[in-house]
Number of protein chains: 2
Amino acid sequence: MESSSAKAGGSTRREATRQKLYEAAVTLIAEQGFSATTVDEIAERAGVAKGTVYYNFASKSVLFEELLRHGVGLLTASLKEAAEQAAREGRGKVDALDAMIRAGLVFIDRYPAFTQLYVAELWRTNRAWQSTLMVVRQEAVAVVEGVLREGVAAGEFSDEIDVQLTAAALVGMVLVAALDWKSFQPERSLDDVHAALSRLLQGRVSGRV
Amino acid sequence: MESSSAKAGGSTRREATRQKLYEAAVTLIAEQGFSATTVDEIAERAGVAKGTVYYNFASKSVLFEELLRHGVGLLTASLKEAAEQAAREGRGKVDALDAMIRAGLVFIDRYPAFTQLYVAELWRTNRAWQSTLMVVRQEAVAVVEGVLREGVAAGEFSDEIDVQLTAAALVGMVLVAALDWKSFQPERSLDDVHAALSRLLQGRVSGRV
DNA sequence: ATTTTTGCACTGACCAGTCAGTTCAATTAT
DNA sequence: ATAATTGAACTGACTGGTCAGTGCAAAAAT
């Protein structure tokens with residue numbers, strides 16, 4: 001517990017309540033979807049009165065939007081960190097991509113529900129939080145695109161590659177493989193999954209043994 | 001006596017109505033999600049009365065389930081066809097995978113809404129159609145796994161690869177790249193996207209020019 | 001003293017599913 | 001032909017229930 005009663009922004013108690021609400025909302029919405037999840041359910045799972053939800057968030061969809069921002073913020077930070085550490089250690093861009101794949105897997109391993117929910121909402125249109133989602137997606141994909149571009153500039157990647165499409169494909173590879181891992185063979189280790197994806201990234205699939 | 005009129009695969013009128021309902025439902029649910037889409041909306045977009053929906057389908061979720069089965073059936077058939085044609089022409093397994101990637105892209109190009117909806121629902125839990133979804137997913141992924149296994153047996157792929165994880169990753173690669181293509185840069189040609197994915201599949205990303 | 005949370009009753013909009021009645025298209029009788 | 005009949009297909013107003021969001025006085029925490 002943090003005893004320091006810092007006044008910077010909000011009280012600790014309020015922050016704790018919001019956190020509880022995030023955690024309750026994320027699993028429920030991942031399981032059932034946004035519309036099928038009721039505010040009463042969220043409050044109950046968080047162990048909080050319904051009124052408290054509305055004391056802390058303007059509406060159900062605002063709660064959800066802030067949840068999205070919160071989660072993608074964590075992911076982006078983690079990807080950046082992985083890329084920077086690889087750079088700091090003077091390793092190549094392939095290693096940087098590999099480190100980001102691992103960071104992605106670690107994130108999904110820790111927050112599977114959030115990932116699930118994010119994927120389910122990402123390509124929807126006509127939803128209230130559409131624009132939030134776009135912004136936040138771009139932040140994450142941009143990190144991958146950045147590493148690819150640097151790799152091309154450094155001559156480490158072919159300059160024939162399409163940065164945007166390749167970044168999207170890499171993200172998809174990790175996302176879907178990880179969700180399948182969690183959903184259908186959760187007994188596998190993170191290292192197994194990472195090894196399979198590394199091999200694919202480095203073209204060691206079609207390569208003869 | 002129940003079958004009075006000519007019955008070559010169901011009455012034409014009824015079949016046409018169901019088709020209209022599928023088409024209306026698929027776009028609405030892709031845009032908004034299952035729970036946020038009302039039966040009234042579906043009926044209105046299909047140009048049909050609400051009662052007709054219930055005359056043709058037992059419930060909203062049955063309509064959705066049959067829609068899922070219908071769509072994944074098309075996809076699976078198309079993937080199989082691509083793999084078989086490559087085999088018939090005596091090409092290798094890498095070519096077969098490449099042909100399946102293209103078949104996947106063609107499918108998504110033709111039915112983007114269905115794909116969107118499928119991805120959004122696939123990893124949910126606790127939903128009525130969960131089991132349908134699992135079965136149907138397995139059918140599609142199994143086609144990819146089959147080709148990978150044959151490739152390993154033929155010595156064309158490394159026997160170190162993890163068939164299940166690699167298949168999931170390949171599917172994810174195509175799925176996410178294609179959805180991004182449709183959502184964020186729809187002006188690109190199918191060939192562009194196919195080329196980018198081919199390159200990734202064949203490990204020509206990190207390879208120097 | 002002030003902020004935050006609780007508990008709970010209430011409202012108004014919305015929506016899945018129903019059902020009694022109507023239309024359509026084909027078959028049979030005149 | 002054409003009128004009558006039949007069953008399948010379709011219609012849309014209605015019902016019963018659900019749920020987001022409100023209001024507020026009292027209690028608890030800081």
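Each reported figure results from applying straightforward, stated rules to the coordinates on display, with no laboratory input. What you see is a predicted model, and the numbers here were worked out from it, not measured in a lab. Every residue, glycine as well, gets a Cβ built from its backbone with ideal geometry; the counts of neighbours run over all protein chains shown.
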Check your understanding: Hey, for B:Asp95 with labels 7 Å out along Cα-Cβ, what do the inter-copy distances come to in nm, ordered shortest first?
Key -> 3.9
Practice item. Report the FRET efficiency, 1/(1 + (r/R0)^6), for B:Arg91 and A:Ser11, where r is their Cβ-Cβ distance and R0 is 60 Å, rounded to 0.05. Key: 0.35
Practice item. Give the shape of the stretch B:29-94 as rounded, prolate or oblate, defined through the alpha-carbon gyration tensor: a ≥ b ≥ c are the square roots of its eigenvalues, a/c under 1.5 means rounded, and otherwise the shape is prolate if a/b is larger than b/c and oblate if not. Key: prolate
Review point. What shape does the protein assembly as shown take by its C-alpha gyration tensor, where a ≥ b ≥ c are the square roots of the eigenvalues and a/c under 1.5 counts as rounded, a/b above b/c as prolate, and the rest as oblate?
Key: oblate
Point to revise | Integer Hz, Karplus 6.51/-1.76/1.60 couplings in order for the stretch B:113-130, x for Gly and Pro | key: 5, 4, 4, 4, 5, 5, 4, 5, 9, 4, 9, 6, 10, 6, 10, 4, 9, 3
**Study point:** Residues listed by number, the stretch A:67-92, amide nitrogen under 11 Å from A:Arg110 label point at 7 Å toward C-beta
**Key:** A:74-79
**Study point:** Inter-probe distance in nm under a simple model that places probes 7 Å from Cα toward Cβ, at B:Ser158 and B:Gln202
**Key:** 1.9
**Study point:** Helix-derived mean residue ellipticity, 222 nm - over the protein assembly as shown, DSSP H n ≥ 4, -39500 (n - 2.57), to 500
**Key:** -24500 deg cm²/dmol
Exercise for review: Can you list the distances in nanometres, one decimal and ascending, from the A:Glu81 label point to the identical position in each other copy, with the point 7 Å along Cα to Cβ?
Suggested key: 4.8
Practice item. Run through the other copies and list how far each one's label point is from that of A:Ser61, in nm with one decimal, shortest first; the point sits 7 Å from Cα along Cα-Cβ. Key: 2.5
Exercise for review: Please name whichever of A:Ala140, A:Tyr55, B:Gly146 sits farthest to the positive end of the charge dipole of the protein assembly as shown, dipole taken about the Cα centre and charges placed at Cβ: Lys and Arg +1, Asp and Glu -1.
Suggested key: A:Tyr55
